[in-house]
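Taking it in order: structure first as structure tokens, then the write-up.
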């Protein structure tokens with residue numbers, strides 16, 4: 001039997017709506033596990049530096065071999081020693097850093113997320129645990145990249161006050177090569193700015209095969225636009241996407257690398273990969289994130305702890321615009 005909600009009045013059919021919904025809330029579908037994470041960008045710095053992991057203690061010494069070659073005339077059998085070999089050193093401070101966040105799963109019982117919780121009254125796991133672990137690890141990596149470049153123990157704020165980064169350390173190195181004029185970095189000036197830096201590369205590393213020019217992603221975009229507009233130079237999309245950056249068309253042994261760690265700055269750093277060193281202390285090759293069950297406090301703790309330092313070897317071989 002079919003129910004009819006019609007009333008026939010003469011030749012006219014009228015619909016009657018009997019639902020009263022004024023006391024109901026408009027429906028929003030919340031019960032889904034599909035999250036859209038906020039993009040944190042790509043951490044490219046590690047592709048262009050030397051990284052040392054699992055360091056113990058609060059300082060680390062970089063040993064820098066240094067030798068001289070002094071030839072002498074050899075017209076007879078007399079041997080006169082004239083060479084000199086020594087070790088220079090750079091002591092890098094290892095700064096302790098930690099991240100801690102406490103999550104009370106009971107808080108979620110009053111919202112839609114409770115549909116995905118267990119029936120227990122004491123929750124000993126994190127709802128969507130893998131999602132949160134992945135999210136935090138990604139953000140930790142980004143913050144570490146910013147600290148590597150922009151950290152300043154005396155003048156920084158927030159996370160940047162926990163370590164002296166590469167820019168701050170290089171500012172203290174009077175022997176570095178410095179181009180005072182490479183400061184515009186706009187689409188119309190960046191080609192000339194980059195060429196000025198290349199002109200300062202010391203002869204002893206001019207042909208090195210591990211040279212990298214680091215810059216902020218927004219400056220990198222200006223360089224891409226300038227090359228495309230001025231010289232019709234187009235870099236391979238696959239190379240840029242997968243490997244990060246591209247080889248300079250002006251100097252083929254220099255890879256230009258955008259790094260999120262320099263975001264918001266106009267700092268350019270040209271260096272050998274072996275001379276720019278990131279040092280990290282922890283149990284893993286990368287800082288880990290522990291999930292600690294704390295049932296006695298009715299909460300779960302996310303925690304990451306490591307030490308971090310930045311090393312500059314042979315500062316006279318660095319070229320900057322600051």
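The values are calculated or read from the model by the stated rules, or taken from the named source; none is laboratory data. Please read all numbers here as calculations on a predicted model, not as lab measurements. Note that each Cβ is placed from the backbone with ideal geometry, even for glycine, and that neighbours are counted across all protein chains shown.
Given (1) outside any helix (DSSP H, G or I); (2) under 21 Å from the mean Cα position of the chain (by Cα); (3) in contact (Cβ under 8 Å) with a residue 60 or more places away in the chain, identify the lone condition not met by residue 148.
Failed condition: (1).
Among the residues of region 260-319, which ones are part of a helix (DSSP H, G or I), farther than 13 Å from residue 170 by Cβ and touching a helix residue (DSSP H, G or I) at 6+ places or on another chain (Cβ under 6 Å)?
The answer is 260, 261.
Looking at (1) modelled with pLDDT of 90 or more; (2) farther than 26 Å from residue 202 by Cα; (3) crowded, with 21+ Cβ neighbours inside 10 Å, which is the one condition that is false for residue 270?
Here residue 270 meets the rest and fails (2).
Could you tell me which residue of region 204-248 is nearest to residue 176 (Cα to Cα), considering only residues that are at pLDDT 85 or above, part of a loop (DSSP other than H, G, I, E, B) and in contact with a helix residue (DSSP H, G or I) (Cβ under 7 Å, 6 or more places away or on another chain)?
So, considering only residues that are at pLDDT 85 or above, part of a loop (DSSP other than H, G, I, E, B) and in contact with a helix residue (DSSP H, G or I) (Cβ under 7 Å, 6 or more places away or on another chain), the one nearest to residue 176 (Cα to Cα) is 210.
Quick check on this structure: which one of 132, 149 is surrounded by 11 or more Cβ atoms within 10 Å (Cβ to Cβ) and out of contact with any helix residue (DSSP H, G or I) (no Cβ under 7 Å at 6 or more places or on another chain)?
Just one listed residue meets the conditions, 132.
Between a first residue in region 50-69 that is loosely packed, with under 12 Cβ neighbours inside 10 Å and a second residue that is at pLDDT 90 or above and not in a strand (DSSP E or B), which pairs have beta carbons less than 9 Å apart while being 6 or more apart in sequence or on different chains?
That search, which allows pairs on different chains as well, returns 56/94; 57/94.
When you check residue 91 against the structure, is it surrounded by 15 or more Cβ atoms within 10 Å (Cβ to Cβ) and either in contact (Cβ under 8 Å) with a residue 60 or more places away in the chain or under 29 Å from residue 313 (Cα atoms) (or both), yes or no?
When the stated conditions are applied, residue 91 does not pass them.
Say whether the condition of being assigned to a loop (DSSP other than H, G, I, E, B), surrounded by 19 or more Cβ atoms within 10 Å (Cβ to Cβ) and more than 25 Å from the chain's Cα centre (by Cα) is met by at least one residue in region 189-203.
Yes, region 189-203 contains at least one residue that is assigned to a loop (DSSP other than H, G, I, E, B), surrounded by 19 or more Cβ atoms within 10 Å (Cβ to Cβ) and more than 25 Å from the chain's Cα centre (by Cα).
Please determine whether any residue of region 154-175 is buried (at least 16 other Cβ atoms within 10 Å of the Cβ), at negative phi, at pLDDT below 95 and in contact with a strand residue (DSSP E or B) (Cβ under 7 Å, 6 or more places away or on another chain).
No, the conditions are met nowhere in region 154-175.
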